[in-house]
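The values are calculated or read from the model by the stated rules, or taken from the named source; none is laboratory data. For clarity, every value in this text was computed on a predicted model and none was experimentally measured. Glycine also receives a Cβ, built like all others from the backbone with ideal geometry; neighbour counts cover every protein chain displayed.
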Amino acid sequence: MKNKGFTFVEILIVVVLVGVLVALTVPKFLEGVEKSKANQAAAYLRMIKAGQQMYYSKNDFFLVSNDPKVIKTHLAVDITGTPYNFAIESETPDDFTATATRQGTTDTIIIDEEGEFNGTSRYKPAS
């Protein structure tokens, strides 16, 4: 009588192949997740820039804050619940930089009053 089923070697080969496929795809997947989060942060920075322009037209200076509640109240941008910390700084009343820093890292995405992006993140958007 012939045995039906798979041998140990056949199962081992399948497990190894699945492991190789997972090892090849997981890093790309995680990179895509990080890029998506960086794009979300860039979108928030663009909204902060738009809010800053409206704020400036009313007050003749830009808002300076790193408090999400203040940013939401004055710029109408809700940045709570994101994996980034946001801060808005200004050296003069006529300029500002808004920075998104990835929590747990030193990766930053920065936008200025002209809409130019800078920072240390690999996923900086085009200006």
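Residues of region 8-47 being within 21 Å of Arg122 (Cα to Cα) and among the β-branched types (Val, Ile, Thr), which ones?
Hits for region 8-47 are Thr25, Val26, Val33.
Would you please name the residue that is modelled with the lowest pLDDT, looking only at residues in region 110-127 that are buried (at least 17 other Cβ atoms within 10 Å of the Cβ) and of a type in the set (Ser, Thr, Tyr)?
Within region 110-127, the match that is modelled with the lowest pLDDT is Tyr123.
Say whether the condition of being out of contact with any helix residue (DSSP H, G or I) (no Cβ under 6 Å at 6 or more places or on another chain), touching a residue at least 24 places away in the same chain (Cβ under 8 Å) and under 17 Å from Gln103 (Cα atoms) is met by at least one residue in region 46-54.
no
Does region 87-109 hold any residues that are surrounded by 19 or more Cβ atoms within 10 Å (Cβ to Cβ) and more than 22 Å from Ser57 (Cα to Cα), and which are they?
Scanning region 87-109 gives Ala100, Thr101, Arg102, Asp107, Ile109.
Which condition does Tyr44 not pass, out of (1) at pLDDT 95 or above; (2) exposed (fewer than 14 other Cβ atoms within 10 Å of the Cβ), if it passes all the others?
With respect to (1) at pLDDT 95 or above; (2) exposed (fewer than 14 other Cβ atoms within 10 Å of the Cβ), Tyr44 is out only on (2).
From the list Gly32, Gly81, Gly51, which residue is at pLDDT below 95, assigned to a helix (DSSP H, G or I) and among the small types (Gly, Ala, Ser)? Spell out how you get there, then give the answer.
On the way: Gly81 fails: assigned to a helix (DSSP H, G or I); Gly51 fails: at pLDDT below 95.
Going through Gly32, Gly81, Gly51 in turn, the sole match is Gly32.
Filter region 1-16 for residues that are modelled with pLDDT of 90 or more and either within 33 Å of the chain's Cα centre (by Cα) or aromatic (Phe, Trp, Tyr) (or both) and give the result.
The answer is Phe8, and nothing else.
So which pairs qualify, if the first residue must be in region 19-30 and loosely packed, with under 10 Cβ neighbours inside 10 Å, the second must be assigned to a helix (DSSP H, G or I) and of a type in the set (D, E, K, R), the Cβ gap must be under 6 Å, and the two must be at least 6 apart or on different chains?
none
Using beta carbons and a limit of 9 Å, which pairs, at least six apart or on different chains, have the first residue in region 91-118 and under 21 Å from Gly81 (Cβ atoms) and without any contact (Cβ under 8 Å) to a residue 60 or more places away in the chain and the second one basic (Lys, Arg) and assigned to a strand (DSSP E or B)?
Close Cβ pairs (under 9 Å, with a partner that is basic (Lys, Arg) and assigned to a strand (DSSP E or B)) amount to Thr108/Arg102.
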